[in-house]
Amino acid sequence: MQGPADLHTHSSVSDGTETPTQLMRAAAAAGLGTIAMTDHDSTAGWAEAGAEAQRQGITLIPGMELSTKYEWRSVHLLAYLVDPLNGDLVKETAKIRESRLRRAEGIVARIGSDYPLSWADVLAQTTEGATVGRPHIADALVALGIVRTRSEAFDGILHPRNGYYAPHYAPDPLTAVKMVRAAGGIPVIAHPVPAGRDRMLPEAYFKTLTDAGLFGLEIDHRENTEEGKVVVRRIAAELGLAVTGSSDYHGTGKPNRLGENTTSMEVVERIVREATGSSPIVPSGVVGR
Ligand code: AMP
Ligand code: FE
Ligand code: FE
Ligand code: ZN
């Protein structure tokens, strides 16, 4: 496998703006040797991405970013190389996507009482079967000229303080870590120390998750605070957790650029070695282990 490796990216199967094919082309153009595609709560883009990764001569690590929740905190769990047909995982992700859909309809109905926004406007921003999130509502608000950018929507209308927001169902992180391992995958907590209030998980809980099979922490990520990175680097060292880095690329949906943070090939190789749920797609088309 070739580096550099970017282990967290999104396609239009969730809230990225590029199709899996376009994402693989962008990854090759950005000079990546290895990319993980990690759409929210869905593995639906894996086949398309794999086919294009092979054409582009790059390695695809199929993955997913599982939505979880600890008390009021939204916690994202990257899940690499799971078995996409694992029954519990299939059921749980379907449940999350369904709840996301109902929740988005509720948010849109509330916004619709104050702004000229309809559910059809939001659907027009999604692709068939995509995991629906606030970014799609943001895109509809941009298309209607109500706000200028996704970020403006997130800082305003879509912010929880402004009364339109609603949460969606998500399992707790401990359940999710166990589920990912049971599906043969490798669980890594995405952006563990984002800015704001008290968003980091309690330190003792990292130990609980590690005992349950947590593999690593995504420390090199632009949304982690600098002070927070110091804390989670120490926690990772103490618990023997791997450290990863990635862009969390969303196409034009976020300023994050492919390859702006990367993961060492030593860690990538450990992920591939430990996973039993599925295999990376390597350029030759041969299953790589
Ligand atoms: P949701 O999961 O539906 O609550 O929406 C959260 C998603 O929106 C995350 O996965 C982020 O990728 C995305 N997001 C959060 N803040 C922003 C922002 N300021 N601009 C663009 N996308 C954002
Ligand atoms: Fe996202
Ligand atoms: Fe995330
Ligand atoms: Zn992400």
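Looking only at residues in the stretch 258-271 that are more than 16 Å from ligand 3 (Cβ to nearest atom), outside any helix (DSSP H, G or I) and open to solvent by 40 Å² or more (accessible area, probe 1.4 Å), the one that is farthest from GLU152 (Cα to Cα) is SER264. Being over 27 Å from ALA182 (Cα atoms), modelled with pLDDT of 95 or more and within 16 Å of ligand 3 (Cβ to nearest atom) is a description that does not apply to GLY245. When the strands (runs of 3 or more DSSP E) confined to the stretch 27-142 are screened for residues that are away from ligand 4 (no atom under 14 Å from the Cβ) and surrounded by fewer than 23 Cβ atoms within 10 Å (Cβ to Cβ), those reaching at least 1 such residues are found at 59-70, 73-80. Residues in the stretch 207-244 that are buried (at least 21 other Cβ atoms within 10 Å of the Cβ) and in contact (Cβ under 8 Å) with a residue 40 or more places away in the chain: PHE215, GLY216, GLU218, HIS221, VAL232, ALA242, THR244. Selection over the stretch 4-26 of residues that are assigned to a loop (DSSP other than H, G, I, E, B) and more than 19 Å from PHE215 (Cβ to Cβ) gives a count of 11.
Yes or no, residue by residue, for (1) over 15 Å from the mean Cα position of the chain (by Cα); (2) within 15 Å of ligand 3 (Cβ to nearest atom):
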residue	(1), (2)
THR131	no, yes
ARG134	no, yes
GLU152	yes, no
GLY196	yes, yes
LEU201	yes, yes
ALA204	yes, no
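For the stretch 35-60, a residue qualifies if it is among the small types (Gly, Ala, Ser) and closer than 17 Å to SER279 by Cβ, and the qualifying residues are ALA36, GLY45, ALA47, ALA49, GLY50, ALA51, ALA53. Taken as a whole, the condition of being modelled with pLDDT under 95 and either in contact with a helix residue (DSSP H, G or I) (Cβ under 8 Å, 6 or more places away or on another chain) or more than 16 Å from ligand 1 (Cβ to nearest atom) (or both) does not apply to MET179.
Within the span defined as the stretch 149-168, every residue fails to be within 30 Å of LEU239 (Cα to Cα), part of a loop (DSSP other than H, G, I, E, B) and in contact (Cβ under 8 Å) with a residue 24 or more places away in the chain.
Only residues that are more than 21 Å from GLY196 (Cα to Cα), more than 13 Å from ligand 4 (Cβ to nearest atom) and touching a strand residue (DSSP E or B) at 6+ places or on another chain (Cβ under 7 Å) were counted across the stretch 237-256, and they come to 3. Would the stretch 169-176 turn up any residue that is of a type in the set (Val, Ile, Thr), open to solvent by 20 Å² or more (accessible area, probe 1.4 Å) and touching a residue at least 12 places away in the same chain (Cβ under 8 Å)? Within the stretch 169-176 (the criterion being of a type in the set (Val, Ile, Thr), open to solvent by 20 Å² or more (accessible area, probe 1.4 Å) and touching a residue at least 12 places away in the same chain (Cβ under 8 Å)), the answer is yes, since at least one residue qualifies.
The values are calculated or read from the model by the stated rules, or taken from the named source; none is laboratory data. Please read all numbers here as calculations on a predicted model, not as lab measurements. Positions of Cβ are generated from backbone atoms using ideal geometry, with glycine treated the same way; all protein chains shown enter the neighbour counts. Quick note on the areas: whole protein, heavy atoms, side chains included, nothing else; ligands and nucleic acids left out. Shrake-Rupley method; radii C 1.70, N 1.55, O 1.52, S 1.80 Å.
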